[in-house]
Structures are given as C-alpha cells and as structure tokens.
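A short write-up of the structure that comes next.
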Amino acid sequence: MSAFLARNRLIVLAYAGMVVLLLVTALFSPGFLSVSNMRSTVVLAAFVGIVALGQTFVIIGGGIDLSVPWVLNSAAIIMALLCGGQDVPLVWVTPLLLAGGAFIGLINGVGVARFGVPPIIMTLATNVILQGLILVLTGGSPTPSAPALIQFLSVGRIGGFPVIALIWLALTLVATLLLSKAAFGRHLYALGTSATVAEFSGVPTARTTILTYVASGLTAAFAGMLLTGYSGQAYLGMGDAYLFTSIAAVAIGGASILGGSGHYLGTVAGAMVLTILTGLLPALNLSSGALLIVYGAVILLTVSIGSEAFAGLGGRLRRN
Amino acid sequence: MDLVTVNGLTKRYGGIVALSDATFSARAGEVHALLGENGAGKSTFIQILSGAVRHDGGSILIDGQDYRPANPDAAQARGIAAVFQELSLIPDLSVEQNIWFRHEPRTLLRTVNRGEMRRKTLALLEKYSFPTLRPDRELRRLTLAERQIVEIAKGLAKDPRIIILDEATSALPAREAEWLLKLTRQLAAEGRLVIFISHRMAEVRAIADRLTIFRNGATVAAHEANAVSDNEIVAQMIGRHLDRLYPERIPTATDRVALKVQGISSGSRLSGVEFALREGEVLGVGGLQGHGQRELFQALFGATRATGAVELWGKPVSIANPRQALTGRDGIALVPEDRRGQGLLLTKSVRENLTLSVIKRFTENGLLSRQKEAELVKEMVDFLRIKAGTPEQLAGTLSGGNQQKVIFGKMLLTQARILLLYDPTRGVDVGTKGEIFQLMRDLAAKGYAILFHSSDMPELVHVADRVMVMRNGRIAATLEGDHISEEEILRAAMLETRAA
Ligand SMILES: Nc1ncnc2c1ncn2[C@@H]1O[C@H](COP(=O)(O)OP(=O)(O)OP(=O)(O)O)[C@@H](O)[C@H]1O
Ligand SMILES: [Mg+2]
C-alpha cells in the first residue's frame, strides 16, 4: 500500500487538494456541501472529465490536443441540426458524430505520428478548420433545441444519481483498465517517457500515438453531445472553455505535461478541483476579472507543485 | 600529505545503502584507480566528491581541510571536476559551447567572446592531443564516443587539481581509449590527482599507481598497484576467486543459417555488406569505430532505413521497424549502443523495463496478469543477479552495470534466437562479464545465433567464433580460428584487404 502511495504521490495529492478545497469552500458558503449542490458540481465536473479523458491519453503519450474545443462544438451543433429536437434520429446521428470525432482524431494522429507535424500545430490547425466549417455551415443562426434523450443523459437522474455521473464512472473504469491493466497502457507510458526507447523495444509507437488522438476526438465529440443536452441548445463557442480546463485537469491530476506519467484517476480529481474552484470563487464576492486572476493563479500553483515534485524526481536520477 | 582523505563515508537512498563505510586517500600526482563490482558504490562516491549529491555521514578532507560541497560549483571552486557519461552535455549547443558552458570567456560588455572561446578550445585540444573534434559541431550530431570525449574536454577546461573519470573509457573505441590512458598519465605528471574508474583490468594495470577496492559500499582494500596481482584484486572485488574471464570456446555452430544478409546498404555508412550467421555461432564484428558497425546492427534490427536482402532461418523477410524484428522465437533482438537513450526508460521501474517488449504475453482476454509478470521479472532479476532494492526501483537509479543487465534481461525475455549484441558488457564488472560471456556461449549451444560487437578488442578475440572486420561500411576481412588476434583485426581494419 505504501508503495502504491509512493508511486502515485501526485494523484493522492490531487485528491487531498480536492478535499481541502471542498472544506474551504464549505467555510465560505455553508450550503456548498449540500446534496443538491454536490450533485450539480459533479455534473459540471463530468463534462470537464469526459473531455479530459482523451486529453489524458494524448498528454501521457507526450502530445497535446488543442482541437477539443471545436470538435466538441462541431458535434454539438451538427447533432442539434440533424436531430431537429427529435430523439429518433439519434440512432444514426450518435454513431455518425462519434465516428466524426474519431476521424478528426485520426487526422491529428496521422499528422503527428506519420508526418511528424508538431502536435500543437497539427491540432491547432484542425481546430481552426473545424471552426471555419461550422461557421460556414450555420451562418451563425441558432440551432434547434437538444433532443429529450440527450437532455435526460446530461441532467436526468437514476435513483438519485445524475445519469452523467454514472456515465463518467463507467468511462473512468474503462480508462483505468486501459491504462493500468492493458498492454496499451504500458505502451503509452513508454512512448511518452521516451519515443526512441519505445521504438527500440518494439512498441507500436505510431499506432499508439494515433489511438490517443482518436480517443480524444471521441471523448470531445461525446462531451459536445451531452453538453448540448445540459444547456438545452448548441451554440457557437460552447467548447472554448474546455481547451484550458481539459489540459489543466490533466496537469492538476499529476501528469507531467511532457508525457510519460499521470493517470486518469488523477484527472478525475483535477476536473473536480477545477469545478469546485469555479463554485468557490463567486462565494468570495470578487469581480469577474479578479475571479479569473485567482482562478488562473490557483491552477498555476497546483500545477507547479506537481511539476516541482516531478523535477525533484528527475534530479535524483543519476548520472553514472 | 594526502590531497584527499575520506573516512567512514555513508550514503543511503531510502532503504538502499549505497555507501556504508568508504575510506579513501590519494596524493597529488598519482593515478588512483577505484575498483568494485557493479553497485559497489563507486559512482556514488564520486558524485559526493564532485558535489552532485551529499553524503549522510563520515568526513572528507581536502588538503587537510573539511570538505562538504553544497553543489558542483562549490566542488569546482576547490578544484574538483568529474567526467560523467554523456549526460551533462546539451545537445543543441556546439562542442565548444558545451566545453565552456557557464564559464565562457567574456568580452568587456559581458557578451561571449567567441574568438577567445575558439582559441582556448583549440589550445586545450592541442595541449592534450585530443582526437580530431570540430569545435563548432552541434553536439547532437556526435557519436556516443565523441560526446564522451567532449565531456572529458569539459572537465579539463576547468583546470582541476583533482579530475575524476567514471568509466570514461567504456564508451571509447580502442584508439581513443589508448589516448585517454596517455592523457591520464600526462595529467598525473602535471601534478594533478586522477581518480580513475574502469572495469577493464588491463587499463587499470597500465596506468594506476595505487588502487582502492570497494565492495557493498565499503572499502575492502587499498594497494600500491605494483604490489598486488590481478587475481587478488578481482578476488577482493567480487569476494571470490574468478577462475577465468573467458569461457572455453567450444564450437557449436551448425550448418543451418539463421541470418543471411545480402548487399545491405544504408546511406554512406554501410555499403553492400554480405554475410551469413549460423545457428549456434557467435560472430564478432570488429574494426575501427565509425566504419559501419552501428549502422549494420541498427539496419538489421529495422531501426535505420536500409536496402538489401535479409533472410531469417531461410525465409526472406523485410524488417521496416524493430517491432517487425521482435517477432518471438524466430525474430531478432538487440542490445543497443546507447543504454540511456535507446535501451532504458530511466523514470520507469526495473519491472516495466524488463517486460516492455513482451507485455502482450502477460495479457489474458486483454487484461494484464500482474502476477505472471512479477514471476517472470523475479526469475530474470535472480538469473542475472540485478542489484535492485525491489523490481519497483526506477531503472535510472541503478548502478551503470546493473542498468546494462536490465537491458540484457529485456532482450532475453523476447525469446528471439538471433541476438544482436552491441557492446553488451559496457560498464559491466569483471565477474559479471565472465557470466555474460558464459551465457552467450550457453545460448549459442542452445541454437541461438549471436552477432557480437565489442569496443574492447580482447573480448572479440576470446569470445567470437569468427570475426568480421569492417572498414568503410564494408566487410574488409573475416577472420577464423587461429587468425583471430588483435593484430590481425587491426591490420584488416587499417590496411587494404589482402587477397583471401
Ligand atoms: N538515486 C538512487 N536511488 C536509489 N538507489 C540508488 C540511487 N543512487 C544509487 N543507488 C544505489 O546505490 C548503489 C551504488 O550505486 P553506484 O552507482 O555507486 O555503483 P557503482 O559502483 O558505480 O556501480 P557500476 O560499476 O555498475 O557503475 C546501487 O545499488 C544503486 O542502485
Ligand atoms: Mg558507476
């Protein structure tokens, strides 16, 4: 057990931070720990968490996916347009959108792994292209409201539990199995630690890289659909916030932004921390500008604690 | 008076004791060899001396004064410089920028004085007759050996009174290693103290005035070099007598060809190499460094683009990447040249490193069985006697020789029966070297086929059944039987090929 703690110190730290933050928040706004408020916090965190799932894979593999905002936004808008508020079309629209998200991920992955385009450039480019496509497609007009089924998935409950929390739980389980219990996870950590060593060890490096971007495209598209249900409508710019939060959640969760370490279980805590923080800051009665400053500073602090621990580890690796 | 006196030095890493009771004393103007098995604590000792890590207990006196450096700068201020392996160099800077890093000559405006830097670089290289090095070359374009040489220049640039060479010859080919030995004598003659770490007994014999032997973190003996025999030294190092370093060479090659190579070429470094490696054979690859040995090994393993025809066990194959080389029993496995850059995930555990190439083998219905993995890892750790606290210890914190053992174990686990061993004993202690050679012969006897390169020529001479000598990307000669000797290898490497 102590070996587990030592190996996963940063993840444990993220959860400890989450608990501390919860208590602090409760101090400032006593209603915060109420069941209904916790429920809505988890729902909001779930959106961040789902987008950050694919991002976690990408970052562990040594890349980064900046295309999540408009993959998410595209999925949301196309779903609203194609369904026209009806549930029935979801039967074919859902697979179509998930395949679409995966396809964007495939393009990102192939660009990075096969053509050597730096991940930042590659995914930034797909992001902008998608943005342009959607602007052309909608001409800026509002979309019909979300289908009822999607609304149920994002705001409904089963036995008191938010449906989306259950979905998140299931995805967490899948991600954990992939990272901790599958060959894919080993390959991924190796790839992110040293692409050359991974290649020399027979790891399918290109395939593994591509898969991470595919996963990220998938989760961003899925989150876009769910988020439409939450807000009732799809609108331009709804994915923008998720670029920062998806990456910050991964970093707060203890992953090195350089790749090779981290775990989705940490990201889950990271998503919670970010969401609790957005709940805490209004309670402090600050102006919205001041809010952003505090928000940014807290994230900077959390992440640098993590990376300092990482740097310390690197320093202990010795020259021989 | 002694220049350095160390008493009862201790250092722990968590539960791992790296040094328990190291004593040491050395005079100015001598070459002092530090000997010991892999993991004995030699590197830890010099890291403490050079200010890279701090000791827990004991005392160090320099010129009779207490010495406890807070960092490498403090050590430098007292005239101590250490030459580690390639790690402290910056790939994006040039050779000279690396040599003078953080000590660049300045102009009056405090900008780097490039002219002066060049002049000082050339003067330094000249003074110590360095092998040719272009000062403006970017470091990332250099070979491992060249980087090692730059690292040496960087140490000397500080004009230290005490210079420490930690296995500096292990990355050098024969000629450069010889140069380094001469350099070491020259430095001692200048009145400096050279602390010299090497696992090559012949080198130690050639230059050391005195020697200190570590075992399990403690000093077991110190001798005048000419008052003690090789056998005594080895026995004190490994705690038992070593009968022989090289195993008996009983030919086990069959007629079956394991690896047939026809006209393999790659860039300008490898042109039209042909040979056949037979089942049960240990085929040596020698020659001066940089004549295509590295490219040959990497091309066969699919790590470098190459053209030409390759057959494995009689079947034509095309190997575009290492994954296609590592296809189980009929495949090819490699012990690569650069253990930190190509062989090991330094920030991952011994376990994860050992099983990385074969992780699929431990999955059932897609899920890993940690228990099966742990069993195999334990077997391999015991078999190779890898000195690690637990299999969870990070590979980067193992001693150099133990890192090499992990790479060896990782290769054995692939079960591939064609092995490409590029300097597999680099940094490995004598006892373990003997075991590795024995293992190679045992594997050959079991039907493995081994291609073996060593930068230590006697190893080729004593272990290989045949030796191919490479020159300018071609096989200049293939030596067999009684013709295998250091002189013949050198002759073939340097002269025109004689008609066979
Ligand atoms: N940062 C660290 N964390 C854990 N253990 C360490 C660390 N550094 C060194 N050790 C351990 O200390 C012991 C001594 O290592 P050291 O590198 O000094 O050996 P060495 O004599 O240089 O061996 P070699 O000949 O193989 O280079 C080893 O068992 C090693 O695993
Ligand atoms: Mg060492």
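The values are calculated or read from the model by the stated rules, or taken from the named source; none is laboratory data. This structure is a prediction, so every number in the text was calculated from the model and none was measured. A quick note on method: Cβ atoms are made from the backbone with ideal geometry, for glycine too, and the neighbour counts reach across all protein chains shown.
Here are some notes:
- For first residues located in segment B:29-47 and within 13 Å of chain A (Cβ to nearest Cβ), partners that are in a helix (DSSP H, G or I) and within 11 Å of ligand 2 (Cβ to nearest atom) and lie 6+ apart or on another chain with Cβ distances below 6 Å form the pairs B:N38/B:G401; B:N38/B:N402; B:G39/B:N402.
- Restricting the search to strands (runs of 3 or more DSSP E) fully inside segment B:168-235 and requiring at least 2 residues that are among the small types (G, A, S) gives B:218-224.
- Test: residue in segment B:373-381 that is within 11 Å of chain A (Cβ to nearest Cβ) and either of a type outside the set (F, W, Y) or over 26 Å from B:T44 (Cβ atoms) (or both): yes
- Number of positions in segment B:410-435 that are within 16 Å of ligand 1 (Cβ to nearest atom), away from every other protein chain (no Cβ under 14 Å) and touching a helix residue (DSSP H, G or I) at 6+ places or on another chain (Cβ under 7 Å): 5
- Within segment B:281-299, the set of residues being at pLDDT 95 or above and part of a strand (DSSP E or B) comprises B:V282, B:L283, B:G284, B:V285.
- Residues in segment B:342-386 that are acidic (D, E) and farther than 24 Å from A:N8 by Cβ: B:E364, B:E379, B:D382.
- Qualifying residue in segment B:359-374 (condition: away from ligand 2 (no atom under 16 Å from the Cβ), touching a Phe, Trp or Tyr at 6+ places or on another chain (Cβ under 7 Å) and under 26 Å from B:Q438 (Cα atoms)): no
- Taking the numbered list (1) in a strand (DSSP E or B); (2) in contact with a Gly (Cβ under 7 Å, 6 or more places away or on another chain) in turn, B:L242 passes all entries but (1).
- Of all the residues in segment B:419-447, those that are crowded, with 23+ Cβ neighbours inside 10 Å and more than 18 Å from the chain's Cα centre (by Cα) number 2.
- Subset of segment B:241-280 (residues that are loosely packed, with under 14 Cβ neighbours inside 10 Å, at pLDDT 90 or above and among the polar types (S, T, N, Q)): B:T254
- Residues of segment B:234-279 that turn out to be over 23 Å from B:K433 (Cβ atoms) and basic (K, R), as a count: 4
- Residue list for segment B:9-53, restricted to those being of a type in the set (D, E, K, R) and within 12 Å of ligand 1 (Cβ to nearest atom): B:K11, B:R12, B:E37, B:K42
- Filter result for B:A82 (small (G, A, S), crowded, with 23+ Cβ neighbours inside 10 Å and within 16 Å of ligand 1 (Cβ to nearest atom)): yes
Okay, residues lined up against (1) surrounded by fewer than 20 Cβ atoms within 10 Å (Cβ to Cβ); (2) within 16 Å of ligand 1 (Cβ to nearest atom):
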{"position": "B:E138", "(1), (2)": "yes, no"}
{"position": "B:L142", "(1), (2)": "no, no"}
{"position": "B:I163", "(1), (2)": "no, no"}
{"position": "B:A171", "(1), (2)": "no, yes"}
{"position": "B:K182", "(1), (2)": "yes, no"}
{"position": "B:M201", "(1), (2)": "yes, yes"}
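- Residues satisfying the stated conditions in segment B:382-409, i.e. in a helix (DSSP H, G or I), within 14 Å of another protein chain (Cβ to nearest Cβ) and either within 16 Å of ligand 2 (Cβ to nearest atom) or more than 17 Å from the chain's Cα centre (by Cα) (or both): B:A395, B:G396, B:T397, B:G400, B:G401, B:N402, B:Q403, B:Q404, B:K405, B:V406, B:I407
- The sole residue among A:L258, A:L265 that is within 21 Å of A:V19 (Cα to Cα), surrounded by fewer than 24 Cβ atoms within 10 Å (Cβ to Cβ) and in contact with a Gly (Cβ under 8 Å, 6 or more places away or on another chain) is A:L265.
- Where a residue in segment B:163-187 is within 14 Å of another protein chain (Cβ to nearest Cβ) and within 11 Å of B:V31 (Cα to Cα) and its partner, wherever it lies, is in a helix (DSSP H, G or I) and within 16 Å of ligand 1 (Cβ to nearest atom), with Cβ under 6 Å and at least six apart: B:I164/B:I46
- Among the criteria (1) modelled with pLDDT of 95 or more; (2) surrounded by fewer than 24 Cβ atoms within 10 Å (Cβ to Cβ), the one A:A75 does not fulfil is (2).
- Matching entry among B:A225, B:A235 (being away from every other protein chain (no Cβ under 14 Å), without any contact (Cβ under 8 Å) to a residue 60 or more places away in the chain and closer than 30 Å to B:V194 by Cβ): B:A235
- Selection status of B:D442, under 20 Å from B:E459 (Cα atoms), among the charged types (D, E, K, R) and away from ligand 2 (no atom under 16 Å from the Cβ): yes
- Residues located in segment B:12-31, provided they are within 16 Å of ligand 2 (Cβ to nearest atom) and touching a Phe, Trp or Tyr at 6+ places or on another chain (Cβ under 9 Å): B:A18, B:L19, B:A22, B:F24
- Search result, residues across segment B:300-330 that are charged (D, E, K, R) and part of a loop (DSSP other than H, G, I, E, B): B:R305
- Applying the condition of being farther than 30 Å from B:S50 by Cα and modelled with pLDDT under 75 to segment A:300-320 and asking which residue is farthest from the other protein chains (Cβ to nearest Cβ) yields A:T302.
- Among (1) closer than 25 Å to B:L451 by Cα; (2) within 16 Å of ligand 1 (Cβ to nearest atom) - the single one B:L398 does not satisfy: (1)
- Considering only residues in segment B:295-320 that are within 14 Å of chain A (Cβ to nearest Cβ) and loosely packed, with under 15 Cβ neighbours inside 10 Å, the one that is farthest from B:Y448 (Cα to Cα) turns out to be B:R305.
Residue-by-condition table, conditions (1) under 21 Å from the mean Cα position of the chain (by Cα); (2) more than 14 Å from chain B (Cβ to nearest Cβ); (3) touching a residue at least 24 places away in the same chain (Cβ under 8 Å):
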position: A:I158; (1), (2), (3): no, yes, no
position: A:A170; (1), (2), (3): yes, yes, no
position: A:V174; (1), (2), (3): yes, no, no
position: A:F184; (1), (2), (3): yes, no, yes
position: A:G192; (1), (2), (3): yes, no, yes
position: A:A221; (1), (2), (3): yes, yes, yes
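- Boolean, B:E480 is surrounded by fewer than 17 Cβ atoms within 10 Å (Cβ to Cβ), touching a strand residue (DSSP E or B) at 6+ places or on another chain (Cβ under 9 Å), within 27 Å of B:V350 (Cβ to Cβ) and touching a residue at least 12 places away in the same chain (Cβ under 8 Å): no
- Residue check, B:G79 more than 14 Å from chain A (Cβ to nearest Cβ), of a type in the set (G, A, S) and in contact (Cβ under 8 Å) with a residue 12 or more places away in the chain: yes
- If you go through segment B:48-66 and keep only what is away from chain A (no Cβ under 14 Å) and within 25 Å of B:S198 (Cβ to Cβ), you end up with B:H55, B:G58, B:I60, B:I62.
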